[in-house]
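Have a look at the structure below before the remarks.
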Amino acid sequence: MENFDPIAFSREWASAWNRRDVEAVLEHFDDDALFTSPVARKIGFAEDGVVRGKAALRRYWQSALDNNPGLHFQVTAVFAGVDAIAIRFTTQEGTDRIEFLKFRDGLVIEGHGTFAAS
């Protein structure tokens, strides 16, 4: 991930979500990307919590936006790894979350939405 700025990416990622621009989020994802989230399981989108492929991600995230008109993310920290970043953020409800994204050839191939354990 040469010349990749994880902080700039994270700011744009949050900005795209806050604009409710699913296509801007998806432009960074590989067509075959895999994404896991307990929310996908909770709302019945994916029984195993795994969303497979960009087309399914589009449907999942658009549905989430349609059901959450007040959505707003505030990035609180960014962690960089080898071909991966973790974005720590809070939601409009004050929920602390981390999104882990793994990259290949400049695109996200795997993502994991995580929540604080209670």
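The values are calculated or read from the model by the stated rules, or taken from the named source; none is laboratory data. No experiment lies behind these values; they were computed from the predicted model shown. Neighbour counts are summed over all protein chains in view; Cβ atoms, including those assigned to glycine, are modelled from backbone coordinates with ideal geometry. To get the accessible areas, we keep the full protein, side chains included, count just its heavy atoms, and leave off ligands, DNA and RNA. Shrake-Rupley method; radii C 1.70, N 1.55, O 1.52, S 1.80 Å.
Below are the figures for this structure:
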read-out: Residue match in region 1-10 (condition: small (Gly, Ala, Ser), open to solvent by less than 60 Å² (accessible area, probe 1.4 Å) and either over 16 Å from Ala86 (Cα atoms) or modelled with pLDDT under 90 (or both)); value: no
read-out: Test: residue in region 102-109 that is of a type outside the set (Gly, Ala, Ser) and exposed (fewer than 12 other Cβ atoms within 10 Å of the Cβ); value: yes
read-out: Whichever residue in region 26-75 is open to solvent by 80 Å² or more (accessible area, probe 1.4 Å) and either among the β-branched types (Val, Ile, Thr) or in a strand (DSSP E or B) (or both) and, among such residues, is farthest from Arg11 (Cα to Cα); value: Ile43
read-out: Number of the exception - Ala80 against (1) within 14 Å of the chain's Cα centre (by Cα); (2) surrounded by 13 or more Cβ atoms within 10 Å (Cβ to Cβ); (3) not charged (D, E, K, R); value: (1)
read-out: Leading residue by the ranking (nearest to Arg88 (Cα to Cα)) among those in region 15-25 that are in contact with a Phe, Trp or Tyr (Cβ under 8 Å, 6 or more places away or on another chain) and open to solvent by less than 10 Å² (accessible area, probe 1.4 Å); value: Val25
read-out: Contacts under 9 angstrom Cβ, first residue in region 61-72 being within 10 Å of Val22 (Cβ to Cβ), partner open to solvent by 50 Å² or more (accessible area, probe 1.4 Å) and of a type in the set (Lys, Arg), 6 or more apart; value: Leu65/Arg20
read-out: Filter result (in contact with a Leu (Cβ under 8 Å, 6 or more places away or on another chain) and either open to solvent by 50 Å² or more (accessible area, probe 1.4 Å) or of a type in the set (Ser, Thr, Tyr) (or both)) within region 83-94; value: Thr91, Gln92
